[in-house]
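I have placed the structure first, in the form of C-alpha cells, so that the comments after it can refer back to it.
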Amino acid sequence: MKTFIISVLVCMLYGISMAQLQSTLEVYNIETGKREIILQENSHFEAPNWSRDGKFLIFNSAGKLYRLELTTGEKKLIETGKAQAINNDHGISFDGSAIVFSNTDLNGETDGGSGGSSKVYVMPINGGHGTRITPLGPSYWHGWSPDGKTLAYVGMRDGEFDIYVKNADGTGNETRLTTAKGLDDGPEYSYDGEFIYYNSMKSGKMEIWRMKPDGSQKTQLTDDAYANWFPHPSPSNDKFVYIAYLKDQGSDHPPMKDVMLRLYDLKDKSIKTLCKFTGGQGTINVHSWAPDGKRFAFVSYKEIKE
C-alpha cells in the first residue's frame, strides 16, 4: 500500500476522507525527548525528508512534492514535470544535489509486476523533469548509497516484493538482493555504506533486518510482539529509528493505527520507545534524520470530528 491512490482508498476503507484528516509534521529531539510541531494542516501529507544542509524539509501531498523552509515556514511546490502522482517513497542524495522519487504511472501499466505501476525517478534538488531509473514496475525507492552510485528499492517481480539495487544514473540492470517468500521492504543504507537496513516477513512476521550491500550476511535485529517497519540509520551509524505497530498487521502498513517510534542502539542492542500516537502509512516511510543526528521528522495523524 504505497501509492497515493492506494493511500486514498485505504483512508476511504477506514471511513476517513482526506478532508477529515489532520496531518501534523513534527520533529523529535532524541537528546531532550521533546516533540516540536513544525506544520499542521487539515489535509493529508506524508513522509518528510530533511535536507542535507538542514535548511528545509520535503514531503508529498496529493501526488506532488513540497518544500518547507525551516527558518521562514514557507511552503513551496516543487516542480516535477509530468510526474504528478508521486507517492511517499522519496528522498535526497547524500551530496544534496538531487531528489529521488517514486511516481505512479497513471496509464496502469505494470511492466512485469502487479499491484501498482510506480517507477523510480531522479531530478535536480530544486525540481525539474525526472529521469526514469527503473524501467520495470512497481518499483518504490527507499535508499541511496553514500557514494551516490546506487539506489536501493522495492520491486514486485513475478508476484513477489523483493529488494533490488540499480545504478543511480539508470545504466545497467537491476540486481535482486532478497529472495525469501513474503514482503521485503524499506531498504536504506547506513551512512558509512556498510549495511542496508530493511524490514522483512522472512521470520513469519514483520521485523527489522540488515544485510551487506551485496545481499550477504542477512541478520534479524528485532523479535517482539510488534509489527516493525522502516528502519532509518542515524548519521552516527550507532542507532536507527523505526516505526512499530502495537498490533501485528501482517504484511500491511495501514494508516490511522496505534503506533510508536522506537530507537535501536546498535552498540548494546537495546530498544527505547520514544513516543506513541496515531499514524502508520505516511508517518516515517523514508529517511528523515537532521544532519546533526539529534533530531528526525515524522508525521502524526488525527481524524477531525465534525
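Could you list all residues from region 177-191 that are free of Cβ contacts under 8 Å to residues at least 24 places away in the same chain and of a type outside the set (A, V, I, L, M, F, W, C)? So that I can check it myself, show each step before the final result.
From region 177-191, those free of Cβ contacts under 8 Å to residues at least 24 places away in the same chain are 179-181; that's our starting set.
Listed by number, the residues that qualify are T179, K181.
Could you list, in sequence order, all residues of region 214-243 that are touching a Ser or Thr at 6+ places or on another chain (Cβ under 8 Å), assigned to a loop (DSSP other than H, G, I, E, B) and not polar (S, T, N, Q)?
Selection gives G215, K218, D223.
Consider T219 carefully, then state whether it is modelled with pLDDT of 95 or more, hydroxyl-bearing (S, T, Y) and closer than 28 Å to I58 by Cβ.
Numbers: modelled with pLDDT of 95 or more: yes; hydroxyl-bearing (S, T, Y): yes; closer than 28 Å to I58 by Cβ: no.
It is false that T219 is modelled with pLDDT of 95 or more, hydroxyl-bearing (S, T, Y) and closer than 28 Å to I58 by Cβ.
Is it the case, given these coordinates, that G186 is out of contact with any Ser or Thr (no Cβ under 6 Å at 6 or more places or on another chain), under 19 Å from H253 (Cβ atoms) and at pLDDT 95 or above? Give the steps one after another, and end with the answer.
Numbers: out of contact with any Ser or Thr (no Cβ under 6 Å at 6 or more places or on another chain): yes; under 19 Å from H253 (Cβ atoms): yes; at pLDDT 95 or above: yes.
For G186, the condition - out of contact with any Ser or Thr (no Cβ under 6 Å at 6 or more places or on another chain), under 19 Å from H253 (Cβ atoms) and at pLDDT 95 or above - is met.
Yes or no: region 104-122 includes at least one residue that is aliphatic (A, V, I, L, M), modelled with pLDDT of 95 or more and under 23 Å from I243 (Cα atoms).
Quick first cut of region 104-122, residues aliphatic (A, V, I, L, M) only: 106, 120, 122.
Checking which are modelled with pLDDT of 95 or more leaves us with 120, 122.
So of that shortlist, the ones also under 23 Å from I243 (Cα atoms) come out as none.
Checked against the condition, which is being aliphatic (A, V, I, L, M), modelled with pLDDT of 95 or more and under 23 Å from I243 (Cα atoms), region 104-122 yields no hits at all.
Would you pick out the residues in region 166-202 that are within 12 Å of K218 (Cα to Cα), surrounded by fewer than 21 Cβ atoms within 10 Å (Cβ to Cβ) and hydroxyl-bearing (S, T, Y)?
Of everything in region 166-202, just one residue is within 12 Å of K218 (Cα to Cα), surrounded by fewer than 21 Cβ atoms within 10 Å (Cβ to Cβ) and hydroxyl-bearing (S, T, Y), namely T179.
Being more than 15 Å from the chain's Cα centre (by Cα) and assigned to a loop (DSSP other than H, G, I, E, B) narrows it down to one of K276, K272, K247, so name that one.
Values: K276 fails: assigned to a loop (DSSP other than H, G, I, E, B); K272 fails: assigned to a loop (DSSP other than H, G, I, E, B).
Only one candidate passes the filter, namely K247.
Within the set of pairs 6+ apart or on separate chains, which have a first residue in region 151-165 that is free of Cβ contacts under 8 Å to residues at least 24 places away in the same chain, a second that is of a type in the set (V, I, T) and surrounded by 23 or more Cβ atoms within 10 Å (Cβ to Cβ), and C-beta atoms under 6 Å apart?
D162/T178
Scan region 36-79 for residues that are within 20 Å of Q22 (Cα to Cα), charged (D, E, K, R) and either free of Cβ contacts under 8 Å to residues at least 60 places away in the same chain or not in a strand (DSSP E or B) (or both) and jot them down.
If the condition is that a residue be within 20 Å of Q22 (Cα to Cα), charged (D, E, K, R) and either free of Cβ contacts under 8 Å to residues at least 60 places away in the same chain or not in a strand (DSSP E or B) (or both), then E36, E41, K64, R67, E74, K75, K76 are the ones that fit.
Give the number of residues within region 67-90 that are over 17 Å from V27 (Cα atoms) and crowded, with 18+ Cβ neighbours inside 10 Å.
Number of matching residues: 9.
The values are calculated or read from the model by the stated rules, or taken from the named source; none is laboratory data. Quick caveat, the model's predicted, so the values are computed rather than measured. Here the Cβ is made from the backbone with ideal geometry for all residues, glycine too, and neighbour counts use every protein chain on show.
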